[in-house]
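Scroll down for the structure; my scribbles are underneath it.
The values are calculated or read from the model by the stated rules, or taken from the named source; none is laboratory data. The shown structure was predicted, so the numbers you read here are calculated from the model rather than taken from an experiment. Note that we place each Cβ from the backbone using ideal geometry, even for glycine, and neighbour counts take in every protein chain shown.
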Ligand code: ATP
Ligand code: MG
């Protein structure tokens, strides 16, 4: 078995899995982290799956820093300072739903769509209820053992193949978000679809209109935080999926504005992967919006975007809301993106950017300005003369944000010893307000 795998995992996660195992519960690292480690990439969050029920997980950790969350399926958030690890209980594929159990607004949804899947099962059941073979590989870091229940996960990962577990058309009907997730794997990793999966994806694109808006907004957030945002959006457009997911963005996708936005996102992605930039959601939003803002309000008699005028915030906000319609970004994300765009006025010249370089604050805006300068002036090493007050490249010394990409990572004042109530409030606030966008958080 591949001994090196263990060394690529945060020791804290190994400790968490070890504690559940010592308490007698079969437990694995699962999902995207296993996929990323096997692909030699740095996982951005960790998912743990266990035979213990949420209540039993809490008991193992003596209720300390644990929260049971989720309506669709309940899982435990284990909180360590600002780090949150998601621990889910093995579940099985749900039986066909009773039509009477459907939420009212989903009466017209596909016959096989699933609305409840909280039935516990074995580890094998849990592998088979997952979406794709490459997402169903389990890793046991205690015995350093990979468990590939579908028998195809490791080989599909090696060959770069997206294959649903089971009948693709049915799996997409059960949960149309899987269509998005399949194309995301293509964009993010350059994978190809197994023919049957690809055929079903193309036939199921519009099913996404039945998915719940809150789940789609969460998926959008994850995509914008991803270092491959541009590649994923491109794959969505090429598959004809973007017109259902983000129709306004799709309508302007083949314009010089989108082309410029994709260039900005690509440079940002490279820097996130090398550890220089943080994966800021609002910066990604600002990068998508900037070319449209410049085209629409950059040259008006009111003075243009880069000469502040009364009401520019609201104009910028409208552009952002329109581009991401009908999905809803949190108020906080939109405000941070607007401020980020406004800060571009300050960073208009190299000299100003330099003068801000040593100050704390507006890190996302400065990262953005640096990238703009690189693109505008073709100075590839521009950032060397404008150092950012962030950790040097490479893996962070100590993880400071949530294992869930920071979305639930607590606020800038989070204290490891805070009581469960405060933690709960912080987690709830973070859930709705993308707390990692806080400038203060970043600079601490
Ligand atoms: P990322 O690196 O973007 O987090 P991920 O695959 O880990 O990718 P998550 O949303 O964290 O994505 O999901 C964790 C795992 O849960 C997945 O790898 C997959 O096994 C399973 N999963 C997630 N969404 C679904 C779904 N809609 N249907 C079935 N299984 C799913
Ligand atoms: Mg994940």
Top-ranked residue in region 1-48 [being part of a loop (DSSP other than H, G, I, E, B) and touching a strand residue (DSSP E or B) at 6+ places or on another chain (Cβ under 8 Å); ranked as farthest from residue 188 (Cα to Cα)] = 25
message = Can you tell me which of (1) modelled with pLDDT under 90; (2) away from ligand 2 (no atom under 16 Å from the Cβ) is the one residue 45 doesn't meet?
response = (2)
key: Flag for residue 5 being away from ligand 1 (no atom under 16 Å from the Cβ), surrounded by 21 or more Cβ atoms within 10 Å (Cβ to Cβ) and over 21 Å from the mean Cα position of the chain (by Cα)   = no
ask   = Scanning region 55-84 for residues that are within 16 Å of ligand 1 (Cβ to nearest atom) and surrounded by 19 or more Cβ atoms within 10 Å (Cβ to Cβ), which turns out nearest to residue 275 (Cα to Cα)?
value = 83
request  = Within region 149-165, count every residue that is free of Cβ contacts under 8 Å to residues at least 60 places away in the same chain and closer than 19 Å to residue 139 by Cβ.
outcome  = 9
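Residue-wise test of (1) at pLDDT 90 or above; (2) part of a strand (DSSP E or B); (3) over 26 Å from residue 5 (Cα atoms); (4) within 26 Å of the chain's Cα centre (by Cα).
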{"position": "59", "(1), (2), (3), (4)": "yes, no, yes, no"}
{"position": "86", "(1), (2), (3), (4)": "yes, yes, no, yes"}
{"position": "97", "(1), (2), (3), (4)": "no, no, yes, no"}
{"position": "127", "(1), (2), (3), (4)": "yes, no, no, yes"}
note = Sole miss for residue 230 among (1) within 13 Å of the chain's Cα centre (by Cα); (2) part of a helix (DSSP H, G or I) is condition (1)
message = I need every pair where a residue in region 40-59 that is on the phi < 0 side of the Ramachandran plot has its Cβ under 7 Å from the Cβ of a residue that is within 11 Å of ligand 2 (Cβ to nearest atom) and part of a loop (DSSP other than H, G, I, E, B), sequence separation at least 6 or different chains.
response = 44/405; 45/403; 45/404; 45/405; 46/403; 47/31
key: Selected residue (only one of 27, 89 is touching a helix residue (DSSP H, G or I) at 6+ places or on another chain (Cβ under 9 Å), within 23 Å of residue 129 (Cα to Cα) and within 14 Å of ligand 1 (Cβ to nearest atom))   = 89
